[in-house]
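Data block below; observations after.
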Amino acid sequence: MIRNIKGTKDLLPDDTIKWRFIESKIHKILGSYGYGEIRTPVFESTDLFIRGIGNETDIVSKEMYSWLDQGKKSLTLRPELTAPVVRSYIQNNLQSLGPITKLYYFDSLFRRERPQAGRQRQFHQYGIEAIGSEFPEQDAEVIEIAYNIYKQFNIEKLVVRINSIGSPSIRENYLKILKQSLAKYKSHLSLVSQQRLENNALRIFDSKNKDDKKIVEDNAPFIFDHISDEDLNHFNQLKKILDKINIPYFHDKKLVRGLDYYTRTTFEITSKNLGAQDALCGGGRYDKLVNQLGGKNTPAVGFAAGVERLLMLIKDQTFNKHDNMKIYISILGSQNIPDAMKITSDLRMNTNLNIIIESNRRSLKSQMREANRQKCCYVIMIGENELENKMVIVKNMLNSEQEKIAIKDLNNYFDKISDLNKKIN
Ligand code: HAM
């Protein structure tokens with residue numbers, strides 16, 4: 001038997017209901033902040049990610065699905081979306097539309113990581129990229145959006161961590177100090193970390209090796225302690241806005257994030273209700289990336305969030321409700337099928353109900369069970385006696401009450417329910 005690839009998942013109807021719920025809410029929220037949706041291709045030139053994310057990062061050095069196509073061009077399934085969005089921003093000259101471009105996405109990505117709960121090889125992210133503003137209020141808006149989405153899904157025990165890794169001008173000096181402070185421990189570091197110390201010392205913080213972690217924790221200086229006065233001012237203004245808009249956060253000087261493009265602000269939101277993979281989302285400022293990928297010098301900030309991890313935290317009751325616009329047509333006696341199909345067809349034409357019709361000639365009991373499984377709020381029972389009187393029986397599955405309704409009044413009956421629902425929602 002051929003099975004799906006490790007680290008990928010099928011989404012079955014019970015799952016896709018949840019996905020659609022999340023997706024539609026996220027489209028609505030991000031639209032309400034004035035962000036426009038962008039969809040980029042699933043694969044890009046490998047170069048884009050090497051230049052954008054950085055050669056020494058975990059993603060580029062070991063997690064990308066890359067291959068040479070028949071034309072010997074190196075292609076890669078996107079492992080993240082910031083670099084593709086920036087590529088598209090430059091290529092489509094979006095800056096000609098205005099000084100600030102606010103984009104969001106909801107898409108699948110690919111990283112060859114070790115699969116475990118909350119970590120897949122094909123996974124999904126929603127995220128935003130605000131390109132064009134250098135000001136701290138833009139960082140604050142991005143963090144506010146990330147945070148408020150979780151609030152709107154009633155996710156609890158959130159922890160927002162923020163930091164500043166300063167502007168690129170302070171990097172050289174800091175890296176020198178970092179290398180000096182770790183020099184005497186170099187031979188105790190893993191081979192990968194030794195190599196990183198030489199080529200891209202900031203990536204030493206990404207090591208998962210226990211000994212590396214201890215050496216770094218005990219000896220590496222914080223980059224935050226070396227940022228410039230302007231960087232500090234930017235960070236303080238950001239904190240002031242977050243305080244004012246009631247976003248609880250804590251300053252974590254250790255937070256450098258594992259992608260090379262960040263400058264100044266970095267942030268992550270975790271939840272204590274998740275397991276080992278507790279990062280719900282992460283992001284930050286990347287003021288040099290547009291220029292690095294061939295565009296004009298343009299500041300930017302954004303975040304991306306794992307959809308699978310959000311899904312793990314949304315309580316099942318949220319989805320287990322009966323749907324009051326969903327109707328089951330129960331047919332009693334095969335001779336009544338044509339009439340039942342006609343009634344159903346008229347209802348479909350004249351209402352916006354979701355209607356499932358029995359098509360397997362089951363017993364009344366089985367049909368009722370099916371209606372419950374499908375979370376239908378109403379069952380319309382169509383049988384010989386009722387049809388003779390041009391009536392049907394409508395059963396409310398929530399309170400088990402049933403009443404006889406004339407077929408000609410059915411549209412009206414459900415219209416009223418639909419109006420009532422609109423008012424309640
Ligand atoms: P990232 O931290 O690599 O950032 O990913 C963001 C989120 O994607 C993580 O916090 C996690 O929820 C989810 N995620 C990452 N890897 C996996 C996986 N293997 N399985 C399931 N979920 C996963 C970025 O991707 C940056 N592009 C974020 C950004 C946008 N920075 C600025 N703009």
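Please treat every number below as a calculation from the coordinates, not as lab data. Here the structure is a predicted model, which is why all the values come from computation and not from measurement. Counting neighbours? That spans all protein chains shown, and the Cβs are built from the backbone with ideal geometry, glycine included.
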_Quick check on my filter: what residues within region 43-69 are surrounded by 14 or more Cβ atoms within 10 Å (Cβ to Cβ) and among the hydrophobic types (A, V, I, L, M, F, W, C)?_
F43, L48, F49, I50, I53, I59, V60, M64
_If a residue must be closer than 27 Å to S96 by Cβ, touching a Phe, Trp or Tyr at 6+ places or on another chain (Cβ under 9 Å) and among the charged types (D, E, K, R), how many such residues does region 125-174 contain?_
3
*Sole residue being part of a helix (DSSP H, G or I), within 14 Å of the ligand (Cβ to nearest atom) and either within 19 Å of the chain's Cα centre (by Cα) or surrounded by fewer than 12 Cβ atoms within 10 Å (Cβ to Cβ) (or both), chosen from I22, I5, I29, I17*: I22
*asked:* Residues that are within 19 Å of the chain's Cα centre (by Cα), of a type outside the set (K, R), within 11 Å of the ligand (Cβ to nearest atom) and buried (at least 19 other Cβ atoms within 10 Å of the Cβ): does region 150-162 have at least one?
replied: no
*Please verify whether region 133-149 includes one or more residues that are outside any helix (DSSP H, G or I) and not aromatic (F, W, Y).*
yes
_Failed condition for H188, given (1) of a type outside the set (K, R); (2) crowded, with 21+ Cβ neighbours inside 10 Å; (3) more than 16 Å from the ligand (Cβ to nearest atom)_ = (2)
*Can you give me the ranges of the strands (runs of 3 or more DSSP E) entirely in region 349-425 with at least 1 residues that are surrounded by fewer than 19 Cβ atoms within 10 Å (Cβ to Cβ) and free of Cβ contacts under 8 Å to residues at least 60 places away in the same chain?*
354-357, 391-396, 402-406
_Residues located in region 291-330, provided they are more than 28 Å from G118 (Cα to Cα), of a type in the set (A, V, I, L, M) and surrounded by fewer than 22 Cβ atoms within 10 Å (Cβ to Cβ)_ = L293, M325
_Take the residues in region 163-176 that are crowded, with 21+ Cβ neighbours inside 10 Å and not polar (S, T, N, Q); name whichever of them is nearest to the chain's Cα centre (by Cα)._
I165
*region 115-141, residues that are near the ligand (Cβ under 8 Å from one of its atoms) and among the β-branched types (V, I, T)*: I128
*Show the residue pairs that are 6+ apart or on different chains and have beta-carbon atoms under 7 Å apart, the first residue being within region 161-174 and within 10 Å of F224 (Cα to Cα) and without any contact (Cβ under 8 Å) to a residue 60 or more places away in the chain, the second being part of a helix (DSSP H, G or I) and of a type in the set (A, V, I, L, M).*
Y174/I223
_Just the residues that are more than 10 Å from the ligand (Cβ to nearest atom), among the charged types (D, E, K, R), touching a residue at least 12 places away in the same chain (Cβ under 8 Å) and more than 25 Å from L103 (Cβ to Cβ), please, taken from region 46-90._
E56, K62, K73
*Which residues, taken from region 297-327, are over 30 Å from E137 (Cβ atoms) and without any contact (Cβ under 8 Å) to a residue 60 or more places away in the chain?*
D316, Q317, N320, K321, D323, K326
